[in-house]
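J.: My questions will all concern the structure given below.
Here, each number is a calculation from the coordinates, and none is a lab measurement. Treat the numbers as computed from the prediction; the structure is a model and nothing was measured. Positions of Cβ are generated from backbone atoms using ideal geometry, with glycine treated the same way; all protein chains shown enter the neighbour counts.
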Amino acid sequence: MKQLKNYIAGTWQQSKTTDYLEVINPATNVLLAEVPLSLANELDQAATAASEAFSSWRRIPPTSRIQYLFKLKTLLEEHREDLAKTITEECGKTLKESQGELQRAIENVEVACGIPTLMQGHNSEDIARGIDESMIRQPLGVVGVIAPFNFPAMIPFWFFPYAIACGNTCIIKPSEKVPQTMEKIMDLVDQTGLPAGVMNVVNGSKTVVDALLDHPTVKAISFVGSSPVAKYIYRRAAENGKRVQCQGGAKNPVVILPDADLEMTTQIVADSAFGCAGQRCLAASLAITVGSVKADFTDAIVEAAQQRVVGNGLDDGVQMGAVINQGSCDRIQSLTQTGIDEGGKLLVDGRNPKIPGYEEGSFVRPTLLQDIPLQGEVATTEIFGPVLGIIHADTLDDAIALVNQSRWGNMACLFTNSGAAARKFRYEAEAGNVGINIGVAAPMAFFPFSGWKESFYGDLHGQSQHAVEFFTQTKVVVERWPKEWSRQF
Ligand code: NAD
């Protein structure tokens, strides 16, 4: 069985650990590879390599640094199909979803290619007579990226292209559930000729993460994953004096007004709730119907849920793939039962489906629970599966109050034909990403991936100018050149 390696100082290295985890195709339950749970001293080797690379990498002009990213963009495009297949095989989503994820990754490389402009500072002449002041941006040093399982390609790209373009060196800790995608991406990074040590990958789980959080050489941590882990990482890294940004979990509400286009809304909400089998931090997981739309929307979404074609993401015509593993299936199904026990009405039961040809796979079909109690477990827990709760509000004000009582704030969406309602919602909704007639309000690479409340710990988000600010520190220089010295020129 193939054993994955770590990429340290420009070479692939076998881990010294004896502890390996199985990487499984969730649609077929076939073993794909084994991933090492690397040792703390292997993280230390990566940190040393990254630190040694930093002093020369930061001196390479930004215009030259980004040439490696231009090459990487071309390589990613050339290997798009192979990478998408790898994502689907280890993550379970459909091939189309994997292709979409890669496109988002590539867009971040494109934006990071603008670093020569994006990391410019500013200056003021004559802040006092004959004195000038300027602000410049400098890289931090070695930075660490810790990724979740649900977007094995895209999420590391929210960070590392910006980090290295700004002159930092980087260590990535991929999710141990889906490590093959990053292996393939690093092969491409290697082909760009990037100097050894600028990019490193150390596979593993908590031991490697903790070593990264505690390592004195590592100056900043970017994390994406569940909120409890985000909070832990935020605290521990901050205690160690590091700059931290942690994107966490979510429970995303979509509000449907009576004037919304029902057909379009139903299709978009279904795509949001059931796309990627609900394993998206921007998946709609609570639909709030307002006023008279309740019955019509409910009928329409029931039909959409029942019609969803579920299967192996590599097969043609499949609209929804597997969830990540059997443990996740069990958790989703158990939370569905909790919803019923709490008094919710099970409109569509997606539990224990039989998918012909894939009896060993980890599948849950779309599931709909209506009238779940607002303070109950199902309405307040991130299920991370294809389960949509439906609740009702009498007015838009009531619906916004429901949105805002959530402890999460990753995304909130409104479906309406009214500009005034849309403006009110945009203005009042307590969420960092807002969609108006959009079901997955994922920011483009040139916007920050915002997130509020328990969906984000930190100040600066991933992507865009935020990433540039996160990965640089400002230096202010005040200069005076006495007249006697200047006179000679
Ligand atoms: P997770 O929190 O279990 O794992 C994320 C990373 O943290 C992995 O690399 C894992 O190895 C590591 N990790 C896990 N437990 C740890 C611990 N106790 N100590 C140290 N490190 C630990 O998340 P996941 O299941 O891989 O991903 C799904 C979660 O990610 C969902 O909650 C989802 O909402 C969230 N997510 C958020 C965003 C966002 O932008 N806000 C995007 C994608 C996913």
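J.: Can you figure out the FRET efficiency of ALA238 with GLN3, using R₀ = 41 Å and their beta-carbon distance, to the nearest 0.05?
T.: Result of the calculation: an efficiency of 0.70.
J.: Between ARG426 and GLN138, how high is the FRET efficiency from 1/(1 + (r/R0)^6) when r is the Cβ-Cβ distance and R₀ = 30 Å? Nearest 0.05.
T.: Calculated transfer efficiency: 0.25.
J.: Counting DSSP beta bridges with both partners in the chain, what percentage is antiparallel, nearest 5?
T.: Here the share of antiparallel DSSP bridges comes out near 45 percent.
J.: Given LEU31, SER328, TYR20, which one lies farthest toward the positive end of the charge dipole of the chain, if we put +1 on the Cβ of every Lys and Arg and -1 on the Cβ of every Asp and Glu?
T.: TYR20
J.: Of PHE149, VAL201, GLY317, which is farthest on the positive side of the dipole of the chain, counting Cα position, with +1 on Lys and Arg Cβ, -1 on Asp and Glu Cβ, and the Cα centre as origin?
T.: The Cα lying farthest towards the positive end belongs to VAL201.
J.: Dipole size in debye (nearest 20) for the chain around its Cα centre, Lys and Arg Cβ +1, Asp and Glu Cβ -1?
T.: Working: 43 positive and 55 negative charges, 304 e Å.
It comes to approximately 1460 debye.
J.: Take every DSSP beta bridge with both residues inside region 252-436 and express the antiparallel ones as a percent of the total, to the nearest 5.
T.: Working: 3 of 25 bridges.
Beta bridges within region 252-436, antiparallel portion: roughly 10 percent.
J.: Using the Kyte-Doolittle scale, which helices in the chain average at least 0.5 and also have C-alpha atoms spread 15 Å or more along the helix axis, with helices defined as whole DSSP H runs?
T.: Working: long enough: 40-57 (26 Å, -0.23); 62-78 (24 Å, -0.32); 80-91 (16 Å, -0.93); 95-112 (26 Å, -0.56); 180-191 (17 Å, -0.48); 227-239 (18 Å, -0.56); 262-274 (17 Å, 0.62); 294-307 (20 Å, -0.24); 326-341 (22 Å, -0.66).
Result, helices passing both filters: 262-274.
J.: Direction-averaged shadow area of the convex hull around the Cα atoms of region 252-436, nm²?
T.: Values: hull surface 39.0 nm².
With every direction weighted equally, the projected area is 9.7 nm².
J.: Right, here's the next one. For ARG480 and ALA40, compute 0.36 nm times the residue count separating them, minus their Cα-Cα distance, and round to one decimal in nm.
T.: Working: separation 440, 0.36 × 440 = 158.40 nm, distance 4.83 nm.
Stretched out fully, the ARG480 to ALA40 stretch lengthens by 153.6 nm.
J.: If I model a spin label at MET444 and ASP459 as a point 7 Å from the Cα along the Cα→Cβ vector, what separation in nanometres do I get?
T.: Those two pseudo-labels are separated by 2.8 nm.
J.: At 7 Å along Cα-to-Cβ for each site, give me the label-to-label distance between GLU360 and MET264 in nm.
T.: 4.6
J.: Roughly speaking, what is the stretch gain from GLN405 to ASN417, that is 0.36 nm per residue apart minus the C-alpha to C-alpha distance, in nm to one decimal?
T.: Working: separation 12, 0.36 × 12 = 4.32 nm, distance 2.49 nm.
Length gained between GLN405 and ASN417: 1.8 nm.
J.: Express in nm, to one decimal, how much length is gained between GLU81 and ASP398 on full extension, taking 0.36 nm for each residue of separation and deducting their alpha carbon distance.
T.: Values: separation 317, 0.36 × 317 = 114.12 nm, distance 4.60 nm.
Difference between extended and current length: 109.5 nm.
J.: Could you work out how far apart the two model spin labels at SER334 and GLN103 are, taking each label as a point 7 Å from the Cα in the direction of the beta carbon, and quote it in nm?
T.: 3.8
J.: Given axes a ≥ b ≥ c from the Cα gyration tensor, I'd like to know whether region 319-382 is rounded (a/c under 1.5), prolate (a/b larger than b/c) or oblate.
T.: Details: a/c = 2.66, a/b = 1.97, b/c = 1.35.
Here region 319-382 falls in the prolate category.
J.: What ranking, highest mean first, results for peptides 156-165, 255-264, 218-227, 120-129 when packing means the other Cβ atoms within 10 Å averaged over each residue? Kindly include the intermediate steps, with their values, before the conclusion.
T.: On the way: 156-165: 28.4, 255-264: 18.2, 218-227: 24.2, 120-129: 10.7.
Top to bottom by mean Cβ count within 10 Å: 156-165, 218-227, 255-264, 120-129.
J.: With the Cα gyration tensor of the chain giving a ≥ b ≥ c as the square roots of its eigenvalues, does the rule (a/c under 1.5 for rounded; else a/b larger than b/c for prolate; else oblate) give rounded, prolate or oblate?
T.: On the way: a/c = 2.21, a/b = 1.41, b/c = 1.57.
Cα axes put the chain in the oblate bin.
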